[in-house]
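The values are calculated or read from the model by the stated rules, or taken from the named source; none is laboratory data. All values reported here derive from a predicted model rather than from experimental measurement. A quick note on method: Cβ atoms are made from the backbone with ideal geometry, for glycine too, and the neighbour counts reach across all protein chains shown. Keep in mind that these areas ignore ligands, DNA and RNA; they rest on the heavy atoms of the full protein, side chains included. Shrake-Rupley method; radii C 1.70, N 1.55, O 1.52, S 1.80 Å.
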Amino acid sequence: MIQTDYIDVSVTLPLDNTFVYKVPEHLREQCAVGMRVLVPFGKRRVTGYILGEQENAGPYKVKKILDVLDDHPLFPVDEIPFFKWVAKYYIHPLGEVIKTALPAGLDRQDVSCVFVTEAGNKDFAAGTLAPGEAGVIQFLNEKQGCTLKQLIKNSPNPSITSLVRKMEKNNLLSVSAVLKKEIANIKKEKFIQHLGEVPKKNIRLSHKRQQILSLTREKQEISLTSLKAHVPTAAKLIAPLAKAGYIGIIQRQVFRDPLGDPVEPDTPPKLTQEQATLIKTVEENRGKGFVPYLLTGVTGSGKTEVYMRLTADAVKSGKTAIVLVPEIALISQTERRFRARFGENIAVIHSMLTHGERLDQWRKLVLGKVSIVIGARSAIFSPIENIGVIIVDEEHDSSYKQETGLRYNARDLAVVRAKMYGCPVILGSATPSVQSYQNVREDKFVQLILEKRVNQNPLPKITLVDLKKYKDFRGTERIITPELAIQIRACLEKGNQTLIFLNRRGFATFPACKDCGKSLNCEFCDVTMTFHRGQDVYKCHLCGHTLAAKVSCPSCKSSKIQNFGFGTEKIETMLKSMFPDARLARIDQDSTAKKGSVLKLLKSIRNRTVDIIVGTQMLAKGHDFPFITLVGVICADLSLSLPDFRAGERTFQLLAQVAGRAGRGQEPGRVIMQTYNPEHFAIEAARRQDYMDFYNNEAPFRKALMYPPFTRMIQLKISGRDEKKVAQIVEQVADVLNQLLSATPEIRETVQILGPIEAAIHRISSRFRWQILIKGPSSTNISRLVKSMKAILKVKAMKQVTITIDVDPYSLM
């Protein structure tokens, strides 16, 4: 409960400051730090978050809050310093940081909605309107009104905003503020109680009514859902019974269950000597509080069991635990293993949950009903206190980096949050990031090593196949080489499973015209379309634009479009033709789009109802399928030639991880890796499963060119629909940065500004993209430079151009 008249509020707008509001007397008892409030801001109403109390309002005239939107705080008080650190480091508004952290769908604010007036409809019917005006009214009548934002987005008229203003002035339209409803809500359910009293009046008791009374008498209290399982028409029958006084009806909050099928409890296995020593090391250091560990180990070395033992120790001592995993598909496997050990004492947070399910999981955590949270990157913001351990599995994975809005890295935030709470943090990976290993070299992290697989099986034997030998072949042999085909047949004959890996989805990735030779490009992006045979469409993988399969060439209008290249869909078709007796499954973004489809496919692999699995990187990491004994990599070079300093690191990690899926059971594994560059150090290091060899080759390049981890970096991404306008703003931003750097002699020698330069893919979704890189040894110095630039340019109008600040960027594409 708030004790003072004034509160400090952060609003969900792109503003860096917090604001003071007055709490009316009748709302004071309902207010607490961590709750949402509805506040007036300018001429509209927006959501705000209570961050603390204020003794006075200062010299300003203070507005009153309008309403309290929660019955319980959404985050604990001690998480506020963490939110403020994130806002400062990532140069992002505090209110939007908190909005990102919370479950989606909780934002309430006024939005401008456009409606047709009576006069507008009369003029439209009379045909006296200009064509542009008539088009607007026709669109609004079809939609029965819409938001101003939707109208602007759907209109082909570049002057739509001024046209709407003119029509509003002439009383043809009305634009009014409407309070947007919350998308996510808590779920309530009716519960029927046995009163055990003499009814107020007697009514006829049919057989079904007697059945309801019998069940409530037996259970004392039963939910309507459970009651309907016995009496399907119970919903209609309970009201008369309640009115007569036979039963009581109450509503209570219930939690939606996003977890999978029930899991049998497990018995913790006996630890290997390596696992026991490692756990003992962490336990002995618990008294030191914050200690960051890098847990490296070969694939299949039992890292998950270590995570569960450390989590169990934290829970046993009355603390909580956060476990981060990179892929939603991996969350399912991890969740099953943790539920088998910890029962229902876990919550799960990831983007595939519905708004309601995620809100329920969040409330379970904030109310202290569970001690363990498992989730993807957003779970690092979980509202739990008294944290005993934070675990980041597959810490090298790019999925931990958010690439829109607040561009945070959950792995880095795990270290920051562990330091704030004074607890150990475990970053685990068989192929650690260069950055994390460099922290070990600089004694910032403590390294823990697991060198052997838990079942004592050797690592899979990896064979490189040089694709240059097959460049003149035709048909399937150019893509699925004889070496790989022979091994697939041998694997099938033994009754084992095969994983075929290609990190490219679709059927054909390069459609081109046979007459003029031009490729079929996306209308809105600078990339070629990809043919998807199952959907019979060409699709852009960047903006989602689609074209019918029978499209004509945009350049010469010829209908002779030939599909070149290959993706997972084509590989699946080839394998079905080569091995008609085998059962195949494909796991990629297309085949797992529906909710629950990932779990269904993973279950089929676990139950051995498929023989060959074709997959992208979704299957490359962390999964444990003991009957996969062969892994085939169709083309190991796909990511090597990307214009990004991390291209070699990503390639090594992906190949080493996918190779590690083989031979995790009783039988030894085999990997066939097809490549055009067998001599490249990243490919060779992956063949030998030798991380140190990769690091010793990669680190000198990074150091010589001063790229992370040997420097800090901020990327400015500038984009807009007007190519000339974007180019002008880019030059303006670069000039301001260079002037600021020249005026700061103490950092001039160490900070570099690279660019501006067009992005590798210059146009995406009709937006032209440029980049500027700021590099330097001190994150504080380059951050101060960017903040100064932001403050200077804020004064100047930058309509239709967006400047995005990406601190510690992962991709330079």
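Below, the figures for the structure above:
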read-out: Residue in region 405-417 that is open to solvent by less than 60 Å² (accessible area, probe 1.4 Å), of a type in the set (A, V, I, L, M, F, W, C) and at pLDDT below 95 present; value: no
read-out: Among the candidates 106, 140, residue that is among the aliphatic types (A, V, I, L, M) and within 30 Å of residue 70 (Cβ to Cβ); value: 106
read-out: Residue list for region 49-65, filter: under 40 Å from the mean Cα position of the chain (by Cα) and basic (Lys, Arg); value: 63, 64
read-out: Residues of region 303-329 that turn out to be open to solvent by 30 Å² or more (accessible area, probe 1.4 Å), more than 24 Å from residue 453 (Cα to Cα) and in contact (Cβ under 8 Å) with a residue 24 or more places away in the chain, as a count; value: 5
read-out: Hits in region 634-656 - residues which are over 17 Å from residue 568 (Cβ atoms), out of contact with any His (no Cβ under 7 Å at 6 or more places or on another chain) and polar (S, T, N, Q); value: 641, 651
read-out: Filtered residues of region 4-30 (kept if open to solvent by 60 Å² or more (accessible area, probe 1.4 Å) and basic (Lys, Arg)); value: 22
read-out: Selection status of residue 512, within 30 Å of residue 661 (Cβ to Cβ) and modelled with pLDDT under 95; value: no
read-out: Residue within region 31-50 that is in a strand (DSSP E or B), in contact with a Phe, Trp or Tyr (Cβ under 9 Å, 6 or more places away or on another chain), of a type in the set (Lys, Arg) and crowded, with 16+ Cβ neighbours inside 10 Å present; value: yes
read-out: Selected residue (only one of 593, 656 is assigned to a helix (DSSP H, G or I) and out of contact with any strand residue (DSSP E or B) (no Cβ under 7 Å at 6 or more places or on another chain)); value: 656
read-out: Flag if residue 247 is closer than 28 Å to residue 367 by Cβ, buried (at least 16 other Cβ atoms within 10 Å of the Cβ) and modelled with pLDDT of 85 or more; value: no
read-out: Filtered residues of region 136-149 (kept if open to solvent by less than 40 Å² (accessible area, probe 1.4 Å) and of a type in the set (A, V, I, L, M)); value: 136, 137, 140
read-out: Flag for residue 411 being more than 14 Å from the chain's Cα centre (by Cα), farther than 27 Å from residue 189 by Cβ and part of a helix (DSSP H, G or I); value: no
read-out: Options 629, 651; residue that is in a strand (DSSP E or B), surrounded by 24 or more Cβ atoms within 10 Å (Cβ to Cβ) and touching a residue at least 24 places away in the same chain (Cβ under 8 Å); value: 629
read-out: Residue satisfying all of: in region 536-558; of a type in the set (Gly, Ala, Ser) and open to solvent by less than 40 Å² (accessible area, probe 1.4 Å); farthest from the chain's Cα centre (by Cα) among these; value: 558
read-out: Inter-residue pairs, beta-carbon under 7 Å, first touching a residue at least 40 places away in the same chain (Cβ under 8 Å) and in region 539-551, second assigned to a loop (DSSP other than H, G, I, E, B) and open to solvent by 50 Å² or more (accessible area, probe 1.4 Å), 6+ apart; value: 543/524
read-out: Selection within region 330-343 - open to solvent by 10 Å² or more (accessible area, probe 1.4 Å) and either in contact with a Leu (Cβ under 8 Å, 6 or more places away or on another chain) or among the aromatic types (Phe, Trp, Tyr) (or both); value: 332, 333, 335, 339, 342
read-out: Wholly enclosed helices (runs of 4 or more DSSP H) of region 683-785 bearing at least 1 residues modelled with pLDDT of 95 or more, surrounded by fewer than 18 Cβ atoms within 10 Å (Cβ to Cβ) and in contact with a His (Cβ under 7 Å, 6 or more places away or on another chain); value: none
read-out: Only one of 561, 613 that is buried (at least 19 other Cβ atoms within 10 Å of the Cβ) and in contact with a helix residue (DSSP H, G or I) (Cβ under 7 Å, 6 or more places away or on another chain); value: 613
read-out: Verdict on residue 429 being touching a residue at least 12 places away in the same chain (Cβ under 8 Å), over 30 Å from residue 610 (Cβ atoms) and crowded, with 23+ Cβ neighbours inside 10 Å; value: no
read-out: The one condition in (1) assigned to a strand (DSSP E or B); (2) within 30 Å of residue 12 (Cα to Cα); (3) of a type in the set (D, E, K, R) that residue 165 fails to fulfil; value: (1)
read-out: Selected residue (only one of 52, 58, 34 is over 18 Å from residue 95 (Cα atoms) and touching a strand residue (DSSP E or B) at 6+ places or on another chain (Cβ under 8 Å)); value: 58
read-out: Condition check for residue 479: open to solvent by less than 30 Å² (accessible area, probe 1.4 Å), in contact with a strand residue (DSSP E or B) (Cβ under 6 Å, 6 or more places away or on another chain) and farther than 30 Å from residue 270 by Cβ; value: no
read-out: Residue 497, sole failed condition from (1) farther than 19 Å from residue 574 by Cβ; (2) in contact with a helix residue (DSSP H, G or I) (Cβ under 9 Å, 6 or more places away or on another chain); (3) open to solvent by less than 80 Å² (accessible area, probe 1.4 Å); value: (1)
read-out: Restricting region 452-465 to residues that are touching a residue at least 12 places away in the same chain (Cβ under 8 Å) and out of contact with any strand residue (DSSP E or B) (no Cβ under 7 Å at 6 or more places or on another chain), the residue that is least open to solvent (accessible area, probe 1.4 Å); value: 453
read-out: Residues of region 659-680 classified as surrounded by fewer than 24 Cβ atoms within 10 Å (Cβ to Cβ) and assigned to a loop (DSSP other than H, G, I, E, B), total; value: 10
read-out: Residues located in region 90-135, provided they are surrounded by fewer than 17 Cβ atoms within 10 Å (Cβ to Cβ) and among the aromatic types (Phe, Trp, Tyr); value: 115
read-out: Selection status of residue 84, of a type in the set (Lys, Arg) and in contact (Cβ under 8 Å) with a residue 40 or more places away in the chain; value: no
read-out: Residue among 769, 763 that is within 23 Å of residue 641 (Cα to Cα) and touching a Cys at 6+ places or on another chain (Cβ under 8 Å); value: 763
read-out: Residue 606 open to solvent by less than 70 Å² (accessible area, probe 1.4 Å) and under 30 Å from the mean Cα position of the chain (by Cα); value: no
read-out: Residue match in region 147-155 (condition: assigned to a loop (DSSP other than H, G, I, E, B) and over 23 Å from residue 800 (Cα atoms)); value: no
